[in-house]
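K.L.:
Below you'll find the structure I mean.
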Amino acid sequence: MSKAVLCIKTYCALLAAYAPICLASTTFDIRFIQDQDTSNLLGFALNPMTGNMVLTSLSYGGQSNVWILSPIGALLHSTRAPFDTGPYGNLASISFGAGNSFYAYAIKYDGVHYDQIERSVVHFDAGGDVALSSFNAANYGVDGDGMTYDPANGTLLISSFGGAVDEVSLTGTLMRTWNLSYRVYDVAIDPMNGNLFALRDEGRLIDEYVRNADGTTILQNTYSLGGGSYFNVEFDRTSRALYAQSNIAITVFGRDELVPIPAVPLPPTAWMLTVGLVALVPAIHRKQPVKAGVFTAARSA
């Protein structure tokens, strides 16, 4: 087979791999939260008891930084969480535990040089109105980029841009650390098999890992999220649907819609084509946040 034909075959295989083959059935528009002078949305979680969606944000001047949406995207409640993060602090990432309450990675800044002066994991009630407990998280997560609850072990997994994923108890004791080789935006646990899902820093690909007790991981699959750019991911613990949140929308992928990207061996002459394709395809395939037959988040009456 000629090198030219091999390159063309490689191109076709990669095109199939990176195309948005897992088309989500539901998207919720959340831009109305940004319209309320709220800065970037940073955390997202699903309440396993009610199905409500919870978002947290970086907000200045005392605005709300916790937002509760119904399962169909209607705004039910917003509040400023009663935990001091200073005027420029944030609730960076969140996850519900076993019951009707959630944990948030809270970062406090000095307000002058924007240096972090305190990092905590705070346990809130379901509405974010009451802080139930907290522990110092200075040694975990660094920036609190991702956090998820592990139902099987009753622990929290906290990820960082550096690629470390720390497993800690609900009182802050380090259990073990998994080291991934890249920057991680967020992590999620498949409720069926306990596998770890890590969202890569470009927000378009997500890796599935089998975790070993000794702190090592085995890459099982890589999935494309179809050209969107997401910051947070979370599994529905009942349906196994994967929720992916960007700054403007929440997109829902059925678990069976996540199709693994096949591994494609590349000949030496095809590497330039591959680099160009990976850069081009996300610009071509962009998921629109709102379309026909899709729920649009709105304020409840």
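The values are calculated or read from the model by the stated rules, or taken from the named source; none is laboratory data. On a predicted model such as this, the values are computed, not experimentally measured, just so you know. Virtual Cβ from ideal backbone geometry, glycine too; neighbours counted across all protein chains shown.
K.L.:
Which fully enclosed strands (runs of 3 or more DSSP E) of the stretch 136-219 have 2 or more residues being under 21 Å from V54 (Cα atoms) and not β-branched (V, I, T)?
P.N.:
Working: elements: 146-150, 155-159, 164-168, 174-179, 184-189, 196-200, 205-211.
The strands (runs of 3 or more DSSP E) meeting that bar are 146-150, 155-159, 184-189, 196-200.
K.L.:
Determine if the stretch 87-94 includes at least one residue that is closer than 22 Å to R240 by Cα and out of contact with any helix residue (DSSP H, G or I) (no Cβ under 9 Å at 6 or more places or on another chain).
P.N.:
Looking only at the stretch 87-94, we keep the residues that are closer than 22 Å to R240 by Cα, and these are 93-94.
When the remaining residues are screened for being out of contact with any helix residue (DSSP H, G or I) (no Cβ under 9 Å at 6 or more places or on another chain), the result is 93-94.
The answer is yes; a qualifying residue exists.
K.L.:
Can you tell me which residues in the stretch 232-253 are modelled with pLDDT under 95, closer than 20 Å to G99 by Cα and of a type in the set (S, T, Y)?
P.N.:
If the condition is that a residue be modelled with pLDDT under 95, closer than 20 Å to G99 by Cα and of a type in the set (S, T, Y), then T238, S239 are the ones that fit.
K.L.:
Residues being in contact with a strand residue (DSSP E or B) (Cβ under 6 Å, 6 or more places away or on another chain) and in a loop (DSSP other than H, G, I, E, B): count how many of those fall in the stretch 49-87. It would help to see each step written out before you state the result.
P.N.:
If we filter the stretch 49-87 for residues that are in contact with a strand residue (DSSP E or B) (Cβ under 6 Å, 6 or more places away or on another chain), which is where we start, we get 52-58, 64-70, 73, 75-79, 81-83, 85-86.
Right, trim to in a loop (DSSP other than H, G, I, E, B) and you get 52, 64-65, 70, 73, 81-83, 85-86.
Looking only at that region, the number is 10.
K.L.:
Now, a different point. Going through A106, A126, A74, A98 one at a time, which residue ends up being within 20 Å of F231 (Cα to Cα), of a type in the set (G, A, S) and touching a residue at least 12 places away in the same chain (Cβ under 8 Å)? Break it down into steps so the answer makes sense when it comes.
P.N.:
Working: A126 fails: within 20 Å of F231 (Cα to Cα); A74 fails: within 20 Å of F231 (Cα to Cα); A98 fails: within 20 Å of F231 (Cα to Cα).
It is A106.
Listed here are the residues, each with its yes/no results for (1) surrounded by fewer than 20 Cβ atoms within 10 Å (Cβ to Cβ); (2) touching a strand residue (DSSP E or B) at 6+ places or on another chain (Cβ under 8 Å).
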residue	(1), (2)
G154	yes, no
L170	yes, yes
D190	yes, yes
G194	yes, yes
E202	yes, no
I206	no, yes
D236	yes, yes
Q245	no, yes
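K.L.:
When the residues of the stretch 81-106 are narrowed to those that are under 13 Å from D129 (Cβ atoms) and surrounded by fewer than 17 Cβ atoms within 10 Å (Cβ to Cβ), which ends up modelled with the highest pLDDT?
P.N.:
Across the stretch 81-106, the extreme among qualifying residues is N100.
K.L.:
For S181, indicate whether it is of a type in the set (S, T, Y), farther than 25 Å from A81 by Cα and out of contact with any Asp or Glu (no Cβ under 7 Å at 6 or more places or on another chain). Break it down stepwise before answering.
P.N.:
On the way: of a type in the set (S, T, Y): yes; farther than 25 Å from A81 by Cα: yes; out of contact with any Asp or Glu (no Cβ under 7 Å at 6 or more places or on another chain): yes.
Yes: the conditions hold for S181.
K.L.:
If the requirement is being more than 15 Å from the chain's Cα centre (by Cα) and touching a residue at least 40 places away in the same chain (Cβ under 8 Å), which of these qualifies: T216, T238, T171? Talk me through it step by step, then tell me what you get.
P.N.:
Values: T216 fails: touching a residue at least 40 places away in the same chain (Cβ under 8 Å); T171 fails: touching a residue at least 40 places away in the same chain (Cβ under 8 Å).
Testing whether each residue is more than 15 Å from the chain's Cα centre (by Cα) and touching a residue at least 40 places away in the same chain (Cβ under 8 Å) leaves just T238.
K.L.:
Checking the condition under 19 Å from L42 (Cα atoms) and among the acidic types (D, E), which residue from D186, D207 passes?
P.N.:
Details: D207 fails: under 19 Å from L42 (Cα atoms).
The unique qualifying residue is D186.
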